[in-house]
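Written below as structure tokens is the structure these notes are about.
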Amino acid sequence: MTSDNPSYLIIGGGVFGVSTAYYLIQKYPNASVTLVDRDAYDAESRVAASWDWNKVVRADYDDKVYCRLALEAQDIFKSDPLWQPYFHQTGVYWTCRSSYAQNVINNHKELGRDDDIIALPVSEARMLYGGIFDNADYTGVKEVLINRASGWAAAGDALRAVTKRCLELGVKYVTADVAALQFNGRGSCTGAKMKSGRVLSATHTVVAAGAFTPTLLEMSAATSGNPGLRAGERILAAGITTGMAQLNEEQHQKYRDMPVGFQGYTPDEGKPFIGTLPPTKDGELKWWGSKIFTNTREVLPGRHISSPPPTFDYNQWKVPGPLKQDIVESRNLWYGPASADWEMTKHRICWDAFTTTSDFIISPHSASKGLYLATCGSFHGYKFFPVLGKYVVQMLEGELSPDLEEKWAWDRQRPDSSENVEYPNAEMKHLLQPTSKL
Ligand SMILES: Cc1cc2nc3c(=O)[nH]c(=O)nc-3n(C[C@H](O)[C@H](O)[C@H](O)COP(=O)(O)OP(=O)(O)OC[C@H]3O[C@@H](n4cnc5c(N)ncnc54)[C@H](O)[C@@H]3O)c2cc1C
């Protein structure tokens with residue numbers, strides 16, 4: 001294979017990988033584009049962070065770059081027939097304990113958007129939406145940001161639909177577990193080897209393996225003898241717990257038109273943004289916990305890194321008691337004592353890849369030609385699904401704008417995580433009772 005005849009192997013069928021495949025096959029309809037994932041795209045349950053009942057699709061960013069990209073993505077969610085059926089414009093209700101609301105509003109103004117976005121005093125905001133957030137915790141809240149243009153997406157359904165569209169356009173989908181990347185004698189990446197022994201070759205290999213990315217790079221460093229492949233301090237795999245409650249008919253009526261809720265915290269308060277999403281059509285209400293935890297384990301002899309549990313499903317449905325308790329505490333921050341008897345139907349640990357700045361990594365890998373990264377959703381990547389691939393293709397072709405190239409680079413200066421409330425804040429084993437096992 002030569003670069004005159006490029007072919008693309010994308011490892012990981014989450015939003016980073018699928019969006020990349022979608023943009024590639026539209027630009028190069030005759031190219032060989034292969035997605036490989038350990039789970040079938042239409043499986044009942046997947047480990048992908050992108051596979052979920054719902055994800056927040058908001059453009060309420062104080063970072064101007066992500067604000068602009070989120071608006072670009074949201075416009076597609078609202079208008080393109082491929083995405084539009086999955087988007088629900090319920091609005092966002094965001095308690096702000098810092099100047100977040102004003103920063104977001106300023107960004108929207110500077111970007112020339114006149115979206116329906118305002119900041120209200122607590123006393124006024126808590127009366128909105130039939131007072132459903134009247135029992136929330138408003139300690140330290142300065143004002144509440146309301147953005148009626150934001151909302152949520154039926155995440156797994158949208159992922160399945162876009163993947164299906166990719167296949168119709170000619171993308172190949174291989175269900176297999178990738179064991180390690182493959183290299184030629186000059187150290188260039190030539191594809192990947194599956195655990196079955198099958199080899200998939202390509203001129204361009206894009207690792208979009210989400211939380212598994214650092215582990216896959218460790219395995220590849222070991223098999224190739226190239227330690228420069230390792231992620232090192234750049235990427236941290238971490239999990240967070242979500243919970244779902246089945247509402248009864250009366251409760252469902254009460255909450256069915258609610259907006260997405262966010263409790264916003266500052267670094268001093270030591271909590272991430274805690275979100276709650278409107279009920280699904282079956283009346284299940286979802287929210288997430290406040291613990292974002294690493295799982296440091298020995299992935300190879302003498303190599304300790306954070307990695308999801310080494311089972312086919314990352315043990316995502318085996319949620320120990322202390323993490324279920326985290327869900328109870330987060331529920332109380334929103335719904336107060338009246339929610340104590342809600343019937344909990346699901347708990348899940350969802351794994352993602354993080355950088356200290358919450359910036360993505362969309363970049364060539366500096367240790368091997370032909371190898372690229374598209375990852376590090378950092379707990380906020382889903383909403384960019386409709387545009388991620390556009391930027392990955394620009395990266396593959398050396399056409400990213402200089403600011404994005406620098407922001408998403410594999411090799412860059414990164415500040416520590418002290419100002420980032422969304423960065424992992426605990427080690428999983430420390431959160432568990434001594435008798436709990438994962
Ligand atoms: C609880 C939770 C809530 C979130 N809420 C939001 C939200 O509301 N809004 C938002 O915008 N973002 C949200 N995010 C973040 C968002 O979900 C992620 O950033 C994004 O989905 C990451 O996409 P990805 O493609 O990088 O990874 P993933 O979706 O995890 O996909 C990676 C894929 O790689 C595959 N893979 C990994 N290793 C291998 C291997 N060795 N062989 C074969 N396949 C492999 C996996 O099977 C998986 O399908 C949330 C994340 C979590 C955890």
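No lab work stands behind these numbers, since they all come straight from the coordinates. All of these numbers come straight from a predicted model, not from anything done at the bench. Cβ coordinates were reconstructed from backbone atoms using ideal geometry, including for glycine residues, and neighbour counts include every protein chain displayed.
What is the sum of charges around residue 198, taking Lys and Arg as +1, Asp and Glu as -1, for the other residues whose C-beta is under 15 Å from the C-beta of residue 198?
+2
Apply the Karplus parameterisation 6.51 cos²θ - 1.76 cosθ + 1.60, with θ equal to phi minus 60°, to every residue of region 300-312 and state each ³J(HN,Hα) to the nearest whole Hz, in sequence, with x for glycine and proline.
8, x, x, 10, 9, 9, 6, 7, x, x, x, 10, 4
Where the convex hull is taken over the Cα atoms of the chain, what is its projected area averaged over directions, in nm²?
Here the figure is 20.7 nm², rounded to one decimal.
Within straight cross-link reach of residue 195, meaning Cα distance under 18 Å, which aspartates and glutamates are found once same-chain residues fewer than 8 apart are removed?
37, 39, 177, 218, 313
Any idea what the relative contact order of region 300-377 is, in percent, if you count C-alpha pairs under 8 Å spaced at least 6 apart?
Worked out over region 300-377, it gives 24 percent.
Pairs to check: 172/369; 164/369; 254/286. Give those whose C-alpha atoms are more than 19 Å from each other in this structure.
172/369; 164/369
Summing Lys, Arg as +1 and Asp, Glu as -1, what charge do residues with Cβ under 12 Å from the Cβ of residue 97 carry, residue 97 excluded?
Overall, the nearby charge balance is -2.
Can you give the longest stretch of the chain with no exposed loop site, where a site means GluC sites (Glu not before Pro) in a DSSP loop (not H, G, I, E or B) with at most 11 other C-beta atoms within 10 Å?
That gives 45-232 as the longest site-free run.
Could you work out the local net charge near residue 379, counting Lys and Arg as +1, Asp and Glu as -1, over the other residues with Cβ closer than 9 Å to its Cβ?
-2
Excluding same-chain residues fewer than 8 positions from residue 142, which lysines have a Cα within less than 23 Å of its Cα?
64, 109, 271
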